[in-house]
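S.K.: My structure is below; once you've seen it, I'll send some questions.
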Amino acid sequence: MSSFRLLLAPLALVSPLAAGCGHDAPSVPKGAIAVVGDRTIARSQFDTLMAQARQSYVARGRSFPAEGTKAYEALKRVAVRLLVERAELEQEARDLGVEVDEAQVEARLRQLKDDSFGGSDKRYRARLRAAGMTDDQVRSALRAQILAAAVEQAVTAEVTVGTQAVKKYYEAHLAAYSTPATRAVRHILVGTSQAATEVLARLRSGTSFAALARRFSRVGTTRDRGGRLVLVKGRTAPELDRVAFSLATGAVSRPFKTRFGWELVEAVSPVRPAQVMPFASVREGIRRRLLAERRTRAFQRWVAKVEAELASRTAYAKGFALR
């Protein structure tokens, strides 16, 4: 996390590892809201999250939802879900051999201070006081984020993308790696066939296309440039596309009608053919994209497995079950 603002709204940040429903159970110890496997979630942890959420509302000039309202219950569910998620991650991290030490937390905190407070500890502490948070709470949130990222990395470490998969994707999406044909032209747009015929007569009598565009064209964005623009094939009116890309270089079209009015076109440059980006130049970008997608799917499958395994060992205090 590089933004302190996100730490002020933890209830908006629930990762894909969201706990299953579980059930209300009398076996949850007094002073706790849930038991997840071998972890007990204290009521004080829940209260801290809700207090942070309240401070976030105040900071944004919004009224915090009253208890019993739908808005409050929605926040409550997210807070419980976040705490259960952390408990699940901590247990799975242990089994995966993933640990987070204080040096990692300290490094992330320095990054947070640099990004959000210009490296000033004094400004950081002042913001904590204004937000009603403690340094320990920030460190706890950062530790949870580092742990979640490390668990995901461990779970998906063996996911790979081969060259053949990258090439197959490239070939199936050539349009995304192609630039269409282009051509520099001058054009004049007028409102009627009669006006277009008059412009054509003036052209044939020797008046320059640029001068006539400045005088008669209705397109303000190109009129001051003597009607000059670069057309991209397939991105303009079909009639204009057809005429502009079929003219010989230097030739002037006869008047033709588009949905905008009557037009004349002069082909200023040769057509620059469509080009396809070489596979070698986009291969690594495609590989990273496919790898991210595969890792996401692999992590989601792992999440579902974890939730299923812990469901029977997850219980909630009355009123806190996720439904």
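The values are calculated or read from the model by the stated rules, or taken from the named source; none is laboratory data. In this text the structure is predicted, and so the values were computed from the model without any measurement. Because the Cβ atoms are built from the backbone with ideal geometry, glycine has one as well, and the counts that use them run over all protein chains shown. For accessibility, only protein heavy atoms count, side chains too; no ligands or nucleic acids. Shrake-Rupley method; radii C 1.70, N 1.55, O 1.52, S 1.80 Å.
S.K.: Can you give the accessible area of SER193 in Å² (nearest 10), computed on protein heavy atoms with a 1.4 Å probe?
M.R.: Rounded to the nearest 10, the figure is 50 Å².
S.K.: I'd like the Karplus ³J(HN,Hα) series for region 119-132: coefficients 6.51, -1.76, 1.60, θ = phi - 60°, whole numbers in Hz, and an x wherever there's a Gly or Pro.
M.R.: Here the 3J(HN,Hα) series is x, 8, 5, 4, 5, 4, 5, 5, 5, 4, 4, 5, 8, x Hz.
S.K.: Turning to a different aspect of this structure: List, in order, the whole-Hz ³J(HN,Hα) value for each residue of region 314-319 obtained from phi through the Karplus relation with A = 6.51, B = -1.76, C = 1.60 and θ = phi - 60°; use x for Gly and Pro.
M.R.: Values, residue by residue: 10, 9, 10, 5, 3, x Hz.
S.K.: Separate question: Along the Cα→Cβ direction, 7 angstrom out, place labels at VAL276 and LYS30. What is the inter-label distance in nm?
M.R.: Between VAL276 and LYS30, the simple spin-label model gives 7.4 nm.
S.K.: Right, next: Roughly how far apart, in whole Å, are the Cα centres of region 213-264 and region 285-323?
M.R.: 55 Å
S.K.: Any idea what diffusion coefficient region 41-99 gets from Stokes-Einstein, in µm²/s, Kirkwood Rh on alpha carbon pairs, 20 °C, 1.002 mPa s?
M.R.: 167 µm²/s
S.K.: At a 1.4 Å probe radius, which order do HIS187, HIS173 fall into by accessible area, largest first?
M.R.: Ranking HIS187, HIS173 by accessible area, largest first, yields HIS173, HIS187.
S.K.: Put +1 on the Cβ of each Lys and Arg and -1 on the Cβ of each Asp and Glu in the chain; which of THR182, GLY162, ALA248 then has its Cα farthest toward the positive end of the dipole?
M.R.: Positive-most Cα among the choices belongs to ALA248.
S.K.: Would you grab the residues whose amide H sits under 5 Å from the one on ALA181? Only those 5+ places off in sequence or on another chain, please, with H modelled 1.01 Å from N.
M.R.: Here LYS233, ALA274 satisfy the definition.
S.K.: Treating the beta-carbon of each Lys and Arg as +1 and of each Asp and Glu as -1, no other charges, what is the dipole magnitude of the chain about its Cα centre, to the nearest 20 debye?
M.R.: The calculation lands at about 1760 debye.
S.K.: Right, here's the next one. Suppose a student asked you for the relative contact order of the chain, using Cα pairs under 8 Å spaced at least 6 residues apart; what percent would you report?
M.R.: Contact order relative to length: 28 percent.
S.K.: Same structure again: List the relative contact order of region 173-318 as a percent without decimals, with contacts defined as Cα pairs under 8 Å and 6+ residues apart.
M.R.: Relative CO of region 173-318 lands at 31 percent.
S.K.: Check which residues have an amide H placed less than 5 Å from ALA34's amide H, if you skip close sequence neighbours.
M.R.: ILE41, ALA317
S.K.: Sticking with this structure for a sec: So for region 50-169, what percent of the C-alpha to C-alpha distances run longer than 24 Å?
M.R.: Everything past 24 Å amounts to 48 percent.
S.K.: Hey, another quick one. When the Karplus curve 6.51 cos²θ - 1.76 cosθ + 1.60 is applied with θ = phi - 60°, which whole-Hz ³J(HN,Hα) does each residue of region 49-61 get, with x for Gly and Pro?
M.R.: My calculation for region 49-61 gives 4, 5, 5, 5, 4, 4, 4, 5, 5, 4, 4, 9, x Hz in order.
S.K.: What whole-number value in Å² describes the accessible area per residue of the chain for a 1.4 Å probe?
M.R.: 55 Å²
S.K.: Something else now. Using a 1.4 Å probe on the protein heavy atoms, what percent of the accessible area of the chain belongs to carbon and sulfur?
M.R.: Result for the chain: 51 percent of the exposed heavy-atom area is carbon or sulfur.
S.K.: What is the total of Lys pairs in the chain with C-alpha atoms under 28 Å apart, excluding same-chain pairs fewer than 8 positions apart?
M.R.: Total qualifying Lys-Lys pairs in the chain comes to 11.
S.K.: Any idea how far the Cα center of region 53-112 sits from the one of region 126-160, in Å?
M.R.: Centre-to-centre (Cα) distance: 9 Å.
S.K.: Same structure, new question: Against the longest principal axis of the chain, how steep is helix 279-311, in degrees 0 to 90 to the nearest 10, with axes from Cα atoms?
M.R.: For 279-311 against the chain, the angle is about 30 degrees.
S.K.: Express in Å², to the nearest 10, the accessible area of ARG225 obtained by rolling a 1.4 Å probe over the protein heavy atoms while all chains stay in place.
M.R.: 130 Å²
S.K.: On to the next question. Where nothing but the Cβ of Lys and Arg (+1) and of Asp and Glu (-1) is charged, how large is the charge dipole of region 102-197 around its Cα centre, in debye to the nearest 20?
M.R.: Around 460 debye, computed over region 102-197.
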